[in-house]
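Take a look at the structure set out below.
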Amino acid sequence: MSVEAAPAFRPRRSGLTRFVSAYGQEIVIACAILILFAVVSLINPRFLGANNLNTIISGNAYIAVAAIGMSMIIITGNIDVSVGALIGVLATISGTLAVAGYPVWVAWGAPILAGAAINAVVGALVAYGKIPSIVVTLGMLSILRGGLVSITGGAWISNLPPDFLLAQQRLLGVPAPVWFMVICTVIAFLWMRYSAFGRSLYAIGGNSEAARAAGIPIERRIVEVFAIHGAIAGVATILFATQLQIIQSTVPPNLELTIITASVIGGVSILGGTGTVIGSTLAAILFSAIGAGLIFVNVSAYWLRAVIGLLILITVLIDMLRRNRETRQASR
Amino acid sequence: MTIKKLLRHETILAVLVVLALIVLAAQSPRFFTVDNLLNQGRLMTEVGLIAIVMTFVIVTGGIDLSVGSILGMSAIMLGVFWKNFGLPLELAIFLALMVGTLAGLFNGLIITRFKVPPLIATLGTLALYRGIAEGVSQARSVRGYPDWFYVLGQGQVLGVPTQLWLLGIVAVVAAVILGMTTWGRMTYATGSNETAARFSGLRVDRVKLLIYSASGFAAALAAVIFVSRVSTTRSDMGTGVELDAITAVVLGGTSIFGGRGTIIGTLLGLILIQALKNGLSLAGVKSDGTIVLIGAVLILTILISNLFHRDGTR
């Protein structure tokens with residue numbers, strides 16, 4: 001099997017062209033981030049202050065981390081609309097344990113294990129119950145969201161022990177969430193590109209019949225990838241829940257859609273089979289940069305979502321035009 | 001064979017609805033009263049209108065995640081046209097409906113012209129339309145509509161809530177179109193095998209454009225009713241409605257892959273969800289517990305339905 005992230009069977013070209021064509025979406029987003037930083041800092045130089053940069057990136061790091069797992073799910077041709085609710089549930093589990101006086105590693109480890117366990121059930125329903133993932137996770141969304149509020153009664157968790165607040169700690173002047181984001185992205189990228197497991201995800205999403213014929217145990221793989229996605233959502237939860245002194249029983253509205261959007265803008269095709277997690281992480285950074293940028297150039301933050309929506313459409317349209325052109329070239 | 005299968009899922013669902021009604025009526029004497037049932041119909045209308053058209057969308061193998069945002073945007077535009085532009089309310093309502101329809105048409109154009117998967121296209125417009133609603137309204141609400149406007153959302157005609165008549169008419173028209181007309185058959189053909197439909201000379205793109213426009217129109221109509229019912233406009237109106245509507249449609253037996261589904265099924269799904277919400281709250285279960293149950297019912301119904309159809313293609 002080829003180790004190219006992009007479709008195989010293309011004529012050999014120079015290294016640079018191949019790189020650009022394989023990572024087109026990632027390069028587009030990286031350029032978008034650079035242009036945005038350049039424009040905003042010309043208008044307001046304070047934008048480039050180290051403190052501001054740290055805030056921009058670390059506040060949204062949990063979205064980038066969650067988008068890593070989401071990208072794996074989407075690459076296999078599935079989707080998870082329940083991850084926002086899952087993060088809410090896991091945050092409450094983690095906070096409750098921390099307040100109850102358990103050691104901090106238990107409070108940090110529990111959401112990772114619980115996330116893996118819950119999503120393994122989802123994966124089993126998808127793989128063995130033969131229910132489309134959007135239906136299972138739609139149901140799961142209701143179950144988790146409703147379950148969370150009926151158990152907590154909407155109460156906030158406060159009095160968190162200071163050493164629990166991982167997201168507020170720094171290493172070498174860089175906030176912990178940024179470290180987590182970078183390390184998780186690099187590991188996931190290498191693992192998906194070079195390990196047999198990672199390659200099999202692309203194979204399942206690209207052509208599941210062919211993958212089955214090649215001997216990939218699809219059902220087991222789907223359960224496993226959902227469990228991994230749940231564990232990564234657990235890591236994202238820790239970054240999300242330890243930002244403030246309190247944990248609310250709600251998560252930002254439409255969090256799941258923000259995470260899916262980061263994956264998709266990052267170049268993960270919703271049809272499965274292509275994309276990398278570097279793109280999704282860059283997309284998450286781009287979101288928070290746009291949000292902060294709007295404030296620094298004095299545009300009302302109420303327009304943020306419209307700007308993001310427009311950006312999604314433009315990215316997707318460019319991507320589709322490129323894809324259509326490539327298919328036409330390939331079919332010639 | 002297919003008709004048998006269709007019947008089977010809907011029969012399971014109908015049995016579930018009847019069981020739920022019996023159990024809930026036994027739990028609380030206030031549940032099975034005419035007043036309560038009519039009131040529940042009133043609350044069901046907004047999601048219902050959207051879910052009925054969503055059935056068409058999903059039967060074509062598509063999905064429309066932007067309906068909640070179209071609802072919010074149309075509601076805000078209704079307020080802006082009436083209050084800020086000083087237009088007569090009748091005209092403002094008409095323009096708000098147009099805004100929603102155009103938003104739906106825009107979805108359809110992205111999907112058909114650029115071949116963007118519906119999930120992605122409407123995910124983008126979900127953010128865009130909600131963003132426009134937030135940007136235009138700047139978190140301000142519009143209140144103080146004339147009294148006649150509230151008839152739509154709060155009044156009654158012949159003892160039945162006004163909007164329930166509307167829902168009934170839309171449901172009948174939709175059921176006839178999907179079940180008995182060429183348009184309906186073209187919808188099924190598009191969903192079961194788009195390539196084959198294209199080669200058979202069906203104008204697939206036109207069918208889709210029409211359906212996504214109708215979806216936008218339904219969301220805008222729901223917005224007008226919503227504003228009339230709660231007497232105010234807010235930019236966060238209709239957040240999450242898309243998931244409620246999709247849940248009702250899928251619960252009603254429409255295949256998320258397209259090609260299969262009926263309006264009757266969707267209506268049964270809607271009724272089951274609303275009955276559970278209301279009946280359980282009357283029986284003292286908190287509304288959040290009910291949401292859990294709806295999620296579980298969704299997964300279990302599809303699972304059971306899949307077990308029965310193990311011989312089938314999916």
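The values are calculated or read from the model by the stated rules, or taken from the named source; none is laboratory data. Nothing here was measured: the structure is a model prediction, and the numbers come from that model. With ideal geometry, Cβ positions are generated from the backbone for all residues, glycine too; neighbour counts draw on all protein chains shown. Side chains included, ligands, DNA and RNA excluded: accessible areas come from the protein's heavy atoms. Shrake-Rupley method; radii C 1.70, N 1.55, O 1.52, S 1.80 Å.
Considering A:ALA107, A:ALA114, which residue is within 20 Å of A:TYR62 (Cβ to Cβ) and buried (at least 24 other Cβ atoms within 10 Å of the Cβ)?
Details: A:ALA114 fails: buried (at least 24 other Cβ atoms within 10 Å of the Cβ).
After ruling out the rest, the residue left standing is A:ALA107.
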Scan the range A:237-264 for residues that are more than 9 Å from chain B (Cβ to nearest Cβ), modelled with pLDDT under 80 and out of contact with any Phe, Trp or Tyr (no Cβ under 7 Å at 6 or more places or on another chain) and jot them down.
-> A:GLN243, A:LEU244, A:GLN245, A:THR250, A:VAL251, A:PRO252
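Table: residues versus (1) part of a helix (DSSP H, G or I); (2) within 14 Å of chain A (Cβ to nearest Cβ).
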{"residue": "B:ASP35", "(1), (2)": "yes, no"}
{"residue": "B:GLN40", "(1), (2)": "yes, no"}
{"residue": "B:MET54", "(1), (2)": "yes, yes"}
{"residue": "B:GLY62", "(1), (2)": "no, yes"}
{"residue": "B:ILE70", "(1), (2)": "yes, yes"}
{"residue": "B:TRP82", "(1), (2)": "yes, no"}
Which members of the range B:122-155 meet the condition of being farther than 21 Å from B:PHE94 by Cβ, hydroxyl-bearing (Ser, Thr, Tyr) and either more than 14 Å from chain A (Cβ to nearest Cβ) or surrounded by fewer than 20 Cβ atoms within 10 Å (Cβ to Cβ) (or both)?
-> B:SER141
When residues of the range B:241-256 are limited to those that are surrounded by fewer than 24 Cβ atoms within 10 Å (Cβ to Cβ) and facing another protein chain (nearest Cβ under 7 Å), the one farthest from B:ILE50 (Cα to Cα) = B:ILE256
Scan the range A:275-301 for residues that are part of a loop (DSSP other than H, G, I, E, B), surrounded by fewer than 23 Cβ atoms within 10 Å (Cβ to Cβ) and within 13 Å of chain B (Cβ to nearest Cβ) and jot them down.
-> A:VAL299, A:SER300
Quick one: would you say A:SER200 is open to solvent by less than 50 Å² (accessible area, probe 1.4 Å), among the hydroxyl-bearing types (Ser, Thr, Tyr) and assigned to a helix (DSSP H, G or I)?
-> yes
Sole residue being open to solvent by less than 40 Å² (accessible area, probe 1.4 Å), within 14 Å of chain B (Cβ to nearest Cβ) and closer than 19 Å to B:ILE302 by Cα, chosen from A:GLY139, A:GLY84 = A:GLY139
Subset of the range A:306-324 (residues that are under 17 Å from A:SER280 (Cα atoms), out of contact with any helix residue (DSSP H, G or I) (no Cβ under 8 Å at 6 or more places or on another chain) and within 7 Å of chain B (Cβ to nearest Cβ)) = none
Boolean, A:SER150 is in contact with a Lys or Arg (Cβ under 7 Å, 6 or more places away or on another chain), within 14 Å of another protein chain (Cβ to nearest Cβ) and in a helix (DSSP H, G or I) | yes
Might you check whether a residue that is farther than 21 Å from B:LEU267 by Cα, within 15 Å of the chain's Cα centre (by Cα) and open to solvent by 60 Å² or more (accessible area, probe 1.4 Å) occurs anywhere in the range B:219-239?
-> yes
Name every residue in the range B:4-54 that is small (Gly, Ala, Ser) and either modelled with pLDDT of 80 or more or open to solvent by 20 Å² or more (accessible area, probe 1.4 Å) (or both), in order of residue number.
-> B:ALA14, B:ALA20, B:ALA25, B:ALA26, B:GLY41, B:GLY48, B:ALA51
